[in-house]
Amino acid sequence: MKVIIVKDNVEGGKEGYKLFADAKKNGATTFGLATGSTPITTYQEIIKSDLDFTDSISINLDEYVGLPEDSDQSYDYFMHENLFNAKPFKHSYLPNGRAADLEAEAKHYDQIIEDNPVDLQILGIGRNGHIGFNEPGTPADSTTHKVSLTQSTIDANARFFEHEEDVPRYAISMGLASIMKSKHILIEAYGEDKANAIKGMIEGPVTTDLPASVLQNHDNVTVIIDEAAASKLSNK
Ligand code: GLP
């Protein structure tokens with residue numbers, strides 16, 4: 001893993017943007033995208049730039065299950081607000097968390113990933129080391145699937161909802177094997193509450209207890225973290 005330590009998420013966003021610009025320059029056509037607060041500064045840099053994605057495909061990692069279509073908490077809404085309204089793609093895929101048959105939706109999404117190999121995948125990381133919504137215990141060979149969110153993730157995401165009980169209990173997420181197929185993976189993390197997850201991801205054993213540790217088995221991963229998220233690493 002190539003680790004870049006930055007001052008803060010603004011500087012991190014600039015570094016993250018460079019990877020998108022390089023990927024585009026090198027002919028990338030398909031971008032794996034993520035939600036959460038972490039990628040926002042990278043998206044802001046992309047928005048400020050003259051990069052054009054109208055010839056590109058985007059594939060998002062995950063979506064909550066069961067939110068109403070017009071919910072401003074959906075990841076679909078998030079992506080429009082934070083990137084797509086300013087930088088539209090030729091086609092943007094997100095899992096449909098309102099599908100009546102989630103198993104069929106997961107299969108359909110795997111086919112989309114198969115048909116559109118991801119050139120660059122951006123990721124955040126949960127405090128418990130989840131990526132996408134792949135919570136601890138998720139097998140390394142998992143593909144798109146329905147997920148039961150852990151209490152730690154529900155608590156972390158409650159800040160975006162009016163009441164904790166409004167946070168969906170389920171999501172649909174690309175699996176770890178789906179993420180590992182990407183040619184290049186960029187993972188960003190900012191703040192002290194990510195320090196344990198980052199230490200486990202980089203220096204710990206590869207274990208399903210910390211899903212992001214599987215990235216040690218990928219040969220093209222760039223990690224962008226601030227000093228607080230890097231604070232528990234032994235080798236800086
Ligand atoms: C959610 C998302 C993840 C994201 C994580 C961390 O659970 N499904 O993709 O990485 O939260 O979010 P944040 O970047 O807001 O810390």
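The values are calculated or read from the model by the stated rules, or taken from the named source; none is laboratory data. Being a predicted model, the structure only gives us computed values, none of them experimental. Ideal geometry is used to build each Cβ from the backbone, glycine not excepted, and the neighbour counts take in all protein chains shown. Areas reflect the complete protein model, heavy atoms only, side chains present, ligands, DNA and RNA absent. Shrake-Rupley method; radii C 1.70, N 1.55, O 1.52, S 1.80 Å.
Structure notes:
- Top-ranked residue of the stretch 98-135 - restricted to ones that are of a type in the set (Asp, Glu) and surrounded by 15 or more Cβ atoms within 10 Å (Cβ to Cβ), ranked as nearest to the ligand (Cβ to nearest atom): GLU135
- Helices (runs of 4 or more DSSP H) enclosed by the stretch 80-181 - at least 3 residues per element that are in contact (Cβ under 8 Å) with a residue 40 or more places away in the chain: 102-115, 176-180
- Matching option when the condition is open to solvent by 50 Å² or more (accessible area, probe 1.4 Å) and either over 30 Å from ASN26 (Cα atoms) or of a type in the set (S, T, N, Q) (or both), among LYS199, LYS181: LYS199
- As for the stretch 9-25, it holds no residue that is more than 25 Å from ASP115 (Cα to Cα), more than 16 Å from the ligand (Cβ to nearest atom), of a type in the set (Gly, Ala, Ser) and touching a Phe, Trp or Tyr at 6+ places or on another chain (Cβ under 7 Å).
- Figure legend. Inter-residue proximity from the stretch 203-221: first residues under 21 Å from ALA23 (Cα atoms), second residues part of a loop (DSSP other than H, G, I, E, B) and basic (Lys, Arg), beta-carbon distance below 7 Å, spacing 6+ or different chains. Indicated pairs: ASN220/LYS183.
- Residue satisfying condition, being of a type in the set (Gly, Ala, Ser), in contact with an Asp or Glu (Cβ under 6 Å, 6 or more places away or on another chain) and outside any loop (DSSP other than H, G, I, E, B), within set ALA228, ALA212, ALA197: ALA228
- Selection count where residues are within 15 Å of the ligand (Cβ to nearest atom) and under 20 Å from MET174 (Cβ atoms), scope the stretch 191-212: 5
- The strands (runs of 3 or more DSSP E) found entirely in the stretch 1-69 that carry 2 or more residues being open to solvent by less than 50 Å² (accessible area, probe 1.4 Å) and in contact with a His (Cβ under 9 Å, 6 or more places away or on another chain) are 57-60.
- Of all residues making up the stretch 61-97, the number that are within 12 Å of the ligand (Cβ to nearest atom) and more than 21 Å from GLY126 (Cβ to Cβ): 0
- Flag set for SER37, criterion: within 24 Å of PHE133 (Cα to Cα) and within 12 Å of the ligand (Cβ to nearest atom).
- Test result for ILE47, more than 30 Å from HIS145 (Cβ to Cβ) and away from the ligand (no atom under 16 Å from the Cβ): yes
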